[in-house]
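Everything below concerns the one structure shown next.
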Amino acid sequence: MSTPANYRLGQGEVFINGSNVGDTTEEGVVITVTPNIKLLQSGKYGTTPMKAFFTGQEVTIEITLAEHTQENLERAIAGSDLDSDIINLGGVAGREISGSVVKLVPFDGTPIWTFKNAVPTSPVEVLYKTEDQRVIHVTFTGMVDVNEPDSSNVAEVS
């Protein structure tokens with residue numbers, strides 16, 4: 001049975017470590033959940049899977065921020081450091097990068113996505129072009145938070 005009331009359209013607010021990062025562009029936010037599944041096969045059936053095991057998943061949140069600020073740049077560029085209004089890039093290899101809590105709160109009151117321990121993992125391009133809005137496009141990847149229950153140690157939708 002079709003239920004049109006369940007159809008959704010629209011965006012939401014994004015928070016990183018509890019701070020609202022401002023508006024997004026029309027591209028908004030894209031969340032991707034990619035399961036890692038190991039398929040076992042039998043010689044009897046060739047390449048047709050016989051059994052499947054869940055071995056993990058990659059959960060990402062891709063954000064296009066409309067508000068081009070020093071704080072948002074620092075949040076988006078992995079390994080950067082904001083010090084007295086100067087973003088520092090560089091440093092030695094092997095530095096640990098701390099994760100952030102990234103939250104998407106839809107404007108229509110539907111469930112909130114919370115990434116418990118996410119780090120920026122994409123390149124960040126900043127366009128300085130006459131015809132293009134200067135935005136910050138970044139993808140965060142959820143990592144395990146060992147302080148959370150195993151069933152929700154990467155993200156939750158509530």
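The values are calculated or read from the model by the stated rules, or taken from the named source; none is laboratory data. Computed from a prediction, not measured in an experiment: that's the story for all the values here. For neighbour counting, all protein chains shown are included, and Cβ atoms are generated from backbone atoms with ideal geometry for every residue, glycine included.
So here's what we get for this one:
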quantity	calculated
Subset of segment 113-135 [buried (at least 17 other Cβ atoms within 10 Å of the Cβ) and farther than 20 Å from Ser98 by Cα]	Val135
Segment 102-136, residues that are in a strand (DSSP E or B) and of a type in the set (Val, Ile, Thr)	Val102, Val105, Thr114, Val119, Ile136
Entirely in segment 8-101, the strands (runs of 3 or more DSSP E) that have 1 or more residues that are charged (D, E, K, R), modelled with pLDDT under 95 and under 29 Å from Ile112 (Cβ atoms)	24-41
Failed criterion for Asn6 (all others in (1) more than 16 Å from Ala155 (Cα to Cα); (2) surrounded by 11 or more Cβ atoms within 10 Å (Cβ to Cβ); (3) polar (S, T, N, Q) hold)	(2)
From the options Lys44, Lys38, residue that is surrounded by fewer than 13 Cβ atoms within 10 Å (Cβ to Cβ) and out of contact with any Phe, Trp or Tyr (no Cβ under 7 Å at 6 or more places or on another chain)	Lys44
Given (1) loosely packed, with under 14 Cβ neighbours inside 10 Å; (2) in contact (Cβ under 8 Å) with a residue 60 or more places away in the chain, index of the condition Asn72 fails	(1)
Conditions (1) more than 24 Å from Gly28 (Cα to Cα); (2) loosely packed, with under 10 Cβ neighbours inside 10 Å; (3) touching a strand residue (DSSP E or B) at 6+ places or on another chain (Cβ under 7 Å): number failed by Glu148	(2)
Residue pairs meeting the criteria (Cβ under 7 Å; at least 6 apart or on separate chains; first free of Cβ contacts under 8 Å to residues at least 12 places away in the same chain, in segment 142-158; second of a type in the set (A, V, I, L, M, F, W, C) and surrounded by 12 or more Cβ atoms within 10 Å (Cβ to Cβ))	none
